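Structure first, then comments.
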Amino acid sequence: MKILQTILFLFSFSFCFSQQLTKSEFKKLIKESKKEERKSGFSYYSKIIANNKDSIFFKSDKVEIYSSNAVTSEKGFCRTIELKFLNNNNVNFIDCQTCKEPSFCYVSTDKTIYQYRIKETDNELYIFFTNNYNEMNFRIVSSMKNKLNSRNYYKIEMERIK
């Protein structure tokens, strides 16, 4: 029985481990999220998603983002923010509701489009979002690589900097 517990314990770590995300890895996640969907509408490319129940993405001191839209249904997120990274160092925060039919996303305005900057200082990674109306700054606290439906994704924990 003890051998079985040890095997299960070690097996669980093969699918999930925590590490500090590097600037180049984070940029790679952003680059993957910029790839367009296929004409059929189905895409293997990642989207960067955050839970936005009760506007926690904009209000909470701690925010989790995921590099897969599959977590939306897996974790039961009804309200999400998609961080749609654009080609000119801009990001569009797309606010969507998916639990009630019909699902919808709010129309993007200049208030939802931010310029972003990634900075690595003293082995810590930061991401800064600014536009004419608001500024949000985060420190990447941790990242955890996970597997869902045979696909790898990251769970990235961020802490708001005031």
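The values are calculated or read from the model by the stated rules, or taken from the named source; none is laboratory data. These numbers were taken from a predicted model, which means no experiment stands behind them. Reconstructed Cβ throughout: ideal geometry from the backbone, glycine too, with neighbour counts over all protein chains shown. Remember, those area values only see protein heavy atoms, side chains included, never the ligands or the DNA or RNA. Shrake-Rupley method; radii C 1.70, N 1.55, O 1.52, S 1.80 Å.
Miscellaneous remarks
- Residue in the range 112-124 that is β-branched (Val, Ile, Thr) and either within 19 Å of Lys35 (Cβ to Cβ) or under 16 Å from the mean Cα position of the chain (by Cα) (or both) present: yes
- Output for the range 122-162, where each listed residue is within 19 Å of Ser24 (Cβ to Cβ), open to solvent by 50 Å² or more (accessible area, probe 1.4 Å) and not acidic (Asp, Glu): Asn123, Arg139, Val141, Met144, Lys145, Asn152
- Condition check for Thr80: part of a strand (DSSP E or B), within 17 Å of the chain's Cα centre (by Cα) and either under 19 Å from Asn152 (Cα atoms) or not charged (D, E, K, R) (or both): yes
- Count - residues of the range 77-111 that are hydrophobic (A, V, I, L, M, F, W, C), without any contact (Cβ under 8 Å) to a residue 24 or more places away in the chain and over 21 Å from Phe138 (Cβ atoms): 4
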